[in-house]
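The values are calculated or read from the model by the stated rules, or taken from the named source; none is laboratory data. Owing to the predicted nature of the structure, the values given are computational and were not obtained by experimental measurement. Here the Cβ positions follow ideal geometry from the backbone for every residue, glycine too, while neighbour counts run over all protein chains shown.
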Amino acid sequence: MTRFSIILLAALCATSATAESAVIAKGGVVRWLDKVSGETGDIELSRGQLAQSGRLTIQLDDCRYPVDDSPTEAYAHLTIMDRLMTGPAFSGWMIASSPALSALDHSRYDVWILRCLTE
């Protein structure tokens, strides 16, 4: 886990008088883009589920959204592996409304969370 991911996680889990409660969703929807071919797709994942997309294996570890807000305000923990790399290409929290805040840094692929599943 990167230092940024730890700071982001701490901020999301902060327990202050102004902190909102979050709903732990059963899953989420991830979008991927192959920057070389232009191919794109959405993947619906349950928590803990893996999916293949090109060279990538995408795992949704957790998906949450504020109690008083839309599931499109999701923040999700993803682990993304590239079969050509020894370690994870990405492991951390992504925020649907701010995908550039914590993004996959990959030469070929983009992956981001769209929303949590509510049912």
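Below are the figures for this structure:
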quantity	calculated
All positions within segment 99-119 that are exposed (fewer than 15 other Cβ atoms within 10 Å of the Cβ) and either in contact with a strand residue (DSSP E or B) (Cβ under 6 Å, 6 or more places away or on another chain) or acidic (Asp, Glu) (or both)	Leu101, Asp105, Glu119
Filter result for Asp42 (touching a residue at least 24 places away in the same chain (Cβ under 8 Å), of a type in the set (Asp, Glu) and surrounded by 15 or more Cβ atoms within 10 Å (Cβ to Cβ))	no
Tally of residues being within 21 Å of Gln52 (Cβ to Cβ) and assigned to a loop (DSSP other than H, G, I, E, B) across segment 68-119	11
Residues (surrounded by fewer than 19 Cβ atoms within 10 Å (Cβ to Cβ) and farther than 15 Å from Ile58 by Cα) located in segment 73-85	Glu73
Qualifying residue in segment 19-29 (condition: modelled with pLDDT under 95, part of a strand (DSSP E or B), of a type in the set (Gly, Ala, Ser) and more than 20 Å from Thr86 (Cα to Cα))	yes
Any hit, segment 51-59, residues being assigned to a strand (DSSP E or B), modelled with pLDDT under 95 and not polar (S, T, N, Q)	no
Residue check, Glu73 closer than 19 Å to Lys26 by Cα and more than 14 Å from the chain's Cα centre (by Cα)	no
Count - residues of segment 84-96 that are within 12 Å of Tyr109 (Cβ to Cβ) and touching a residue at least 24 places away in the same chain (Cβ under 8 Å)	2
